[in-house]
Amino acid sequence: MARGGRALSLRDKLDGNELDLSLCGLSEVPVRDLAALPKATVLDLSCNNLVSLPSDFCSLSHLVKLDLSKNRLQQLPLDFGRLVNLQHLDLLNNRLVTLPVSFAQLKNLKWLDLKDNPLDPVLAKVAGDCLDEKQCKQAAVKVLQHMRAIQSEQDRQRQRKLQAEREMEKKREAEQRAKEAQERELRKREKAEEKERRRREYDAQKAAKQEMEKKTKKETAQTRKPTSSSRPAQPPRHKSSWSRSVLRVLLLALLCVLCTLAACKLTELQRQPVCVSVNALYEDVVAALQNHKTLQNMLHQNSH
């Protein structure tokens, strides 16, 4: 109801295409209600308590003349340039220091008053005075040119920044490619070193295997060598053969002695001088053996 009543009061203040909301003690702009009155192309909001304008205020693109003088505005919305049909703008006696860059888009602006604002010195010099119609028109032209120059400079700065970012991105990409190439080269080198290391290990194992086979063959040859070299070492065999020959001779001599003794004892040859000597020798030997046996018995008894 209040909203409806307010809308009704706005319609009551509408005079043709002019809407006068000055001296209403407004601290906020009724943007929705103003948007419902597209016929109101001339809007007077002077002598109120406006500190700022809402962002949706810039949607009132039907405005042709706007009076915001004698408020407490510290800044305008960043997209103020959306009011493209605006031709007359009064900002007298506010607290503005700068204007938004989008101000340069107000291509239809023909009248501007920025007096009694703590403007930036450069902007204040560009705007100049607005004491008559001519000066206010010149202020609109000069401020638009100044803001367009600022916008162009910002666009150039933005382009330079974008170009610098692109170059930086290209540089990063180049560095990344170089890093990747370096890493590939490093992996390739490590792979080659690993291959060379395995090849050396293979050669070492092969050489060790060959050395082992050679050593085994040498040991086998040394093991077989005594059997083949035992042939020259035949003197012990000759020595054993000589011992057996001597033993045979001794046995043969003993056999001859026994035969001679038997012949001298059992045949008629015992009276022969040779047999007499043999028999005497035999008797002496037997006596000696008996004496030796008697001595052994005595020694045996003594020991007991």
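Listing for the model above:
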| quantity | calculated |
| --- | --- |
| Residue count, segment 200-229 (criterion: modelled with pLDDT under 85 and small (Gly, Ala, Ser)) | 3 |
| Residue under evaluation Val51, criteria (1) more than 27 Å from Cys136 (Cα to Cα); (2) exposed (fewer than 15 other Cβ atoms within 10 Å of the Cβ); (3) of a type in the set (Val, Ile, Thr), criterion not met | (1) |
| Number of positions in segment 81-98 that are on the phi < 0 side of the Ramachandran plot and out of contact with any strand residue (DSSP E or B) (no Cβ under 8 Å at 6 or more places or on another chain) | 9 |
| From Gln154, Gln159, Gln75, residue being open to solvent by 60 Å² or more (accessible area, probe 1.4 Å), within 30 Å of Pro38 (Cα to Cα) and not hydrophobic (A, V, I, L, M, F, W, C) | Gln75 |
| Count - residues of segment 59-72 that are surrounded by fewer than 21 Cβ atoms within 10 Å (Cβ to Cβ), more than 28 Å from Asp132 (Cβ to Cβ) and in contact with a Leu (Cβ under 7 Å, 6 or more places away or on another chain) | 1 |
| Residue in segment 115-125 that is open to solvent by less than 60 Å² (accessible area, probe 1.4 Å), over 59 Å from the mean Cα position of the chain (by Cα) and either within 30 Å of Arg95 (Cα to Cα) or charged (D, E, K, R) (or both) present | yes |
| Criterion: of a type in the set (Gly, Ala, Ser), under 16 Å from His146 (Cβ atoms) and open to solvent by less than 50 Å² (accessible area, probe 1.4 Å) - qualifying residue of Ser102, Ser46 | Ser102 |
| Selection status of Leu92, surrounded by fewer than 19 Cβ atoms within 10 Å (Cβ to Cβ) and at pLDDT 95 or above | yes |
| Given (1) surrounded by fewer than 19 Cβ atoms within 10 Å (Cβ to Cβ); (2) touching a residue at least 24 places away in the same chain (Cβ under 8 Å), number of the condition Ser9 does not satisfy | (2) |
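The values are calculated or read from the model by the stated rules, or taken from the named source; none is laboratory data. The shown structure was predicted, so the numbers you read here are calculated from the model rather than taken from an experiment. Backbone-built Cβ (ideal geometry, glycine too); neighbour counts: all protein chains shown. Accessible surface is based on the protein model in full, side chains and every heavy atom, while ligands, DNA and RNA are left aside. Shrake-Rupley method; radii C 1.70, N 1.55, O 1.52, S 1.80 Å.
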